[in-house]
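> Here it is, the structure, as structure tokens.
The values are calculated or read from the model by the stated rules, or taken from the named source; none is laboratory data. Keep in mind it's a predicted model, so treat the numbers as computed, not measured. No Cβ is skipped: glycine too gets one built from the backbone with ideal geometry, and neighbour counts run over all protein chains shown. Side chains are part of the model used for accessible areas, which takes the heavy atoms of the whole protein and leaves out ligands, DNA and RNA. Shrake-Rupley method; radii C 1.70, N 1.55, O 1.52, S 1.80 Å.
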Amino acid sequence: MIYRTIASIAQRDRNFFISLINQATTLSQLNQIHANLIRNGLSNDLITITKLTHKFSDFKSISKAKNLFTTFNNTNPPDLFLYNVLIRGLSRNGLGVEALSLYLDLLKGSKLKPDNFTFAFVVSGFSSSGCEKVGILIHGHVIVSGFGSDVFVGSALVDMYMGFSRIGHAYKVFDGIPERDSVLWNTMVSGLVRNCCFEESIQVFGDMVGRGTGFDSTTLAVVLTAVAELQDLRNGMLIHCLAVKMGYDVHEYVLTGLISMYSKCGDISTAKLLFGMIREPDLISCNAMIAGFCFNNENESSVRLFRELLVHGEKVNSSTIVGLIPVSCPFGHLTLTCSIHGFCVKSGMVSNPSVSTALTTVYSRLNEMELARRLFDESPKKSLASWNAMISGYAQNGLTEMAISLFREMQKLDIHPNPVTITSILSACAQLGTLSMGKWVHDLIKKEKFESNIYVLTALVDMYAKCGNIEEARQVFDSITEKNVVTWNAMISAYGLHGCGREALVLFDQMLHSGVSPTGVTFLCALYACSHAGLVEEGQKIFHSMSHAHDTEPLPEHYACMVDLLGRAGKLENALEFIYEMPLEPGPAEWGALLGACMVHKNIDLARLASDRLFAMDRGSVGYYVLLSNIYSADRNYCQAASVRKVLKNKNLAKTPGCTLIEVNGYQHVFTSSDQSHPQAAAIYAKLEELMEKMREAGFHTETSTALHDVEEEEKELMVKVHSEKLAIAFGLLTSEPRTEIRIIKNLRVCVDCHNFTKFVSKVTDRVIVVRDANRFHHFKDGDCSCGDYW
């Protein structure tokens, strides 16, 4: 009887203290409860101490939690529940390594066996630790222990792999779990959004709804982020309807997601309406509205709302600042950006990765690359988004070697790329024309399991096309099952760039029959292809169909393309008539296209007319002055040519120096005109002289019509003989195996003489030579060029 009474008192005391622990709101209260537990002889009561350990962990007092755990020993060992509680606490407090150490102690120092909770908590500790290899080893333990298909562990594994940007691994875990709950689906959707796989996240959400899995307001808020990033208004409105149907439209974070979605889809009025429906907007909804104003270039409204928050004493956070920074519409807002940067420095928010990334992005878009790089280098914590912003900034500003160098540095630090990183680096490879680097990135795509990402594959098509491998570009294109309009545009543009006009038009028709609606860019790609293949009638039909069949109004660039199409075909009068009949005011692009056609067809009168109009509009463009000078030189009107060159000199305008790049064994070599700096210069010039001898025997004559007029004919021949592309080709012949293909890239349009030279070289050496100039690709074989002398 006495024993029962004592037991009941102990039981009552335990329940009393557990109740106190649950009600505690401060660390001081917990410490007082702990003292009373010791006084009442409950310091070794497993259930009570487990609850206290849990609470200390939640209060981030992890040292206290660990001390409580150590009070248990071999005579009074901790149970699995206490192990799990402390492992969870360590993981949630960013101490993944200590969580792992405790897990190993559980395996080796006790007779207990880990359960699904143990594994889920250990795995979650490595989701943010960056130690991927250990995470994979733990996954191995999970499988061996028979928890590979457990939904609770699976959610933690998916989250971990998403944190490492291992999308393929996450899918593999996800697909291996037969009974998926809403938590697992939400983890998959949010992970894809975090990795910028927006279309895939919407597809997964669609599968979730289709399978009848219950979703909540959190799911909707996450998928709205993906829709907003894609600016997919149709799907956004469907999700809005779904939210209304399920009663989630009144939830503030769903409303906030809708505000963001409508803002990014350009419907700022609906966003304002939704914002007005929130009785007392919190900081999160205000942040969404600030970002919405900024995205739609309503910066005054954005700054006004920001100031209101400060006036009312609201403590703004990093999301407020990111929304305020004019990332989407940066032009003309350098002063505002610098002011925001100053505010961030004073408030200490500049060290926040998302803030520094947004500022880096704006500086990059404004071509303030020194400011961008300084900010990047000073950032103490560089997120993957930070690396992406800097790499993308270099690529977009033509600093391709810097982009590739930074990407390699990122690889050395074992930071895994995501699809955004890959598309940026592929863009750099495409600009630089480095095929070997592009192929290496393609292998990396396979390794990282990004082969299903439409943006990555589209960038891959573009890279192969711009690096001269049109066959590989088509193979990648054909491998894409769900092609969007950007993918079709990339391949049509690729064919146009390589002078394959017929193939481009076949693809254009296939796109129309597939049900994908063409955009203005699609028509531009098709017209460009027609222009460079001399397909005048087909081009005219496509241009006419824009407004009559596809409800797309032509923009100035479409009109310029039509002028180029007519001009290249020798229909100069038709081109002039087309310009006069334009519903828009003709600009430099149209008159410049006509002037270029005058050069090809040697029409001096129209050249004067076009140049007069051009120089009245665009006095700073060097290219047009050089083009007019060349037209006069070709007509042997050297006095007028000299006059144009004098104008250039008086205006301090300098022609862009020509240079040519060739890649040999993974190394890039750049040549300029009359270049003597290369270590193998003597051998290159000797090879060039050897080629000239063979070519003269085959009937080659140097084209000197556009060379300077005040020198003798022999000197003119010498001047054009050492153009940079000739040196690059000679070097390519010296350093490559017989009959192998030579690829070079020229920064300017290839001149007539170099074009003829390359045709003859391909004939006398039995080589295929691929040349990318400023306008297009030329494929030389057996003395002919794919452009048909039409470039």
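> Just one of 269, 347 is over 29 Å from the mean Cα position of the chain (by Cα), open to solvent by 50 Å² or more (accessible area, probe 1.4 Å) and within 21 Å of residue 243 (Cα to Cα); which is it?
Values: 347 fails: within 21 Å of residue 243 (Cα to Cα).
Going through 269, 347 in turn, the sole match is 269.
> Is there a residue in the range 400-407 that is outside any helix (DSSP H, G or I) and either in contact with a Ser or Thr (Cβ under 7 Å, 6 or more places away or on another chain) or surrounded by fewer than 20 Cβ atoms within 10 Å (Cβ to Cβ) (or both)? Spell out the reasoning first.
Of all residues in the range 400-407, those outside any helix (DSSP H, G or I) come to none.
No, the range 400-407 has no match at all.
> Condition test on residue 76, is it out of contact with any helix residue (DSSP H, G or I) (no Cβ under 6 Å at 6 or more places or on another chain), among the polar types (S, T, N, Q) and outside any loop (DSSP other than H, G, I, E, B)?
Working: out of contact with any helix residue (DSSP H, G or I) (no Cβ under 6 Å at 6 or more places or on another chain): yes; among the polar types (S, T, N, Q): yes; outside any loop (DSSP other than H, G, I, E, B): no.
No.
> A follow-up question, please. Could you count how many residues in the range 14-47 are at pLDDT below 85, open to solvent by less than 70 Å² (accessible area, probe 1.4 Å) and not in a helix (DSSP H, G or I)?
Number satisfying all stated conditions: 4.
> Which count do you get for residues in the range 297-321 that are crowded, with 19+ Cβ neighbours inside 10 Å and either touching a Lys or Arg at 6+ places or on another chain (Cβ under 6 Å) or not in a helix (DSSP H, G or I) (or both)?
Residues that pass the stated criteria total 1.
> Among the helices (runs of 4 or more DSSP H) confined wholly to the range 433-521, which include 2 or more residues that are free of Cβ contacts under 8 Å to residues at least 40 places away in the same chain, farther than 22 Å from residue 416 by Cα and open to solvent by 10 Å² or more (accessible area, probe 1.4 Å)? Give the derivation first.
On the way: elements: 435-447, 454-466, 470-479, 485-497, 501-513.
Here the list reads 470-479, 485-497, 501-513.
> For residues in the range 419-441 being in contact with a helix residue (DSSP H, G or I) (Cβ under 6 Å, 6 or more places away or on another chain) and of a type in the set (S, T, N, Q), which is modelled with the lowest pLDDT?
Of everything passing the filter in the range 419-441, 431 is modelled with the lowest pLDDT.
Matching residues to (1) free of Cβ contacts under 8 Å to residues at least 12 places away in the same chain; (2) surrounded by fewer than 19 Cβ atoms within 10 Å (Cβ to Cβ); (3) part of a helix (DSSP H, G or I):
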{"position": "542", "(1), (2), (3)": "no, no, yes"}
{"position": "545", "(1), (2), (3)": "yes, yes, yes"}
{"position": "574", "(1), (2), (3)": "yes, yes, yes"}
{"position": "583", "(1), (2), (3)": "yes, yes, no"}
{"position": "591", "(1), (2), (3)": "no, no, yes"}
{"position": "611", "(1), (2), (3)": "no, no, yes"}
{"position": "614", "(1), (2), (3)": "no, no, yes"}
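> Moving on to the next point. What are the residue pairs meeting all of these: first residue in the range 649-671, first residue under 14 Å from residue 433 (Cα atoms) and modelled with pLDDT under 85, second residue surrounded by 11 or more Cβ atoms within 10 Å (Cβ to Cβ) and not basic (Lys, Arg), Cβ atoms under 6 Å, and 6 or more apart or on different chains?
Note: pairs meeting the criteria are 666/436.
> Going residue by residue through the range 61-78, is there one that turns out to be in contact (Cβ under 8 Å) with a residue 24 or more places away in the chain, more than 23 Å from residue 104 (Cα to Cα) and either among the charged types (D, E, K, R) or surrounded by fewer than 22 Cβ atoms within 10 Å (Cβ to Cβ) (or both)?
Scanning the range 61-78, I find no residue that is in contact (Cβ under 8 Å) with a residue 24 or more places away in the chain, more than 23 Å from residue 104 (Cα to Cα) and either among the charged types (D, E, K, R) or surrounded by fewer than 22 Cβ atoms within 10 Å (Cβ to Cβ) (or both), so the answer is no.
> While we're looking at this one, here's another question. Within the set of pairs 6+ apart or on separate chains, which have a first residue in the range 238-260 that is open to solvent by 40 Å² or more (accessible area, probe 1.4 Å), a second that is β-branched (Val, Ile, Thr) and in a helix (DSSP H, G or I), and C-beta atoms under 6 Å apart?
Every condition considered, the pairs that remain are 248/254.
> Another question, then. Across the range 146-187, which residue is modelled with the lowest pLDDT among those that are buried (at least 17 other Cβ atoms within 10 Å of the Cβ), in a loop (DSSP other than H, G, I, E, B) and small (Gly, Ala, Ser)?
The extreme case among them is 165.
> If residue 356 meets every condition in (1) over 17 Å from residue 319 (Cβ atoms); (2) touching a residue at least 24 places away in the same chain (Cβ under 8 Å) apart from one, which number is that one?
It is condition (1) that residue 356 fails.
> Sticking with this one: Among the residues of the range 48-73, which ones are small (Gly, Ala, Ser) and either farther than 16 Å from residue 98 by Cα or assigned to a helix (DSSP H, G or I) (or both)? Please lay out each step first, then the result.
Keep residues of the range 48-73 that are small (Gly, Ala, Ser), which gives 57, 61, 63, 65.
Passing the criteria: 57, 63, 65.
> Do you know which of the residues in the range 267-322 that are small (Gly, Ala, Ser) and touching a Ser or Thr at 6+ places or on another chain (Cβ under 9 Å) is nearest to residue 344 (Cα to Cα)?
So in the range 267-322, the residues small (Gly, Ala, Ser) come out as 269, 271, 276, 285, 288, 291-292, 301-302, 313, 318-319.
When the remaining residues are screened for being touching a Ser or Thr at 6+ places or on another chain (Cβ under 9 Å), the result is 271, 285, 288, 291-292, 318-319.
Numbers: 271: 27, 285: 21, 288: 19, 291: 17, 292: 20, 318: 9, 319: 12 Å.
The residue in question is 318.
> Can you list residue pairs whose Cβ atoms sit under 7 Å apart, with the first residue in the range 294-308 being within 17 Å of residue 281 (Cβ to Cβ) and the second being buried (at least 17 other Cβ atoms within 10 Å of the Cβ) and of a type in the set (S, T, N, Q)? Count only pairs 6 or more apart in sequence or on different chains.
294/302; 306/320
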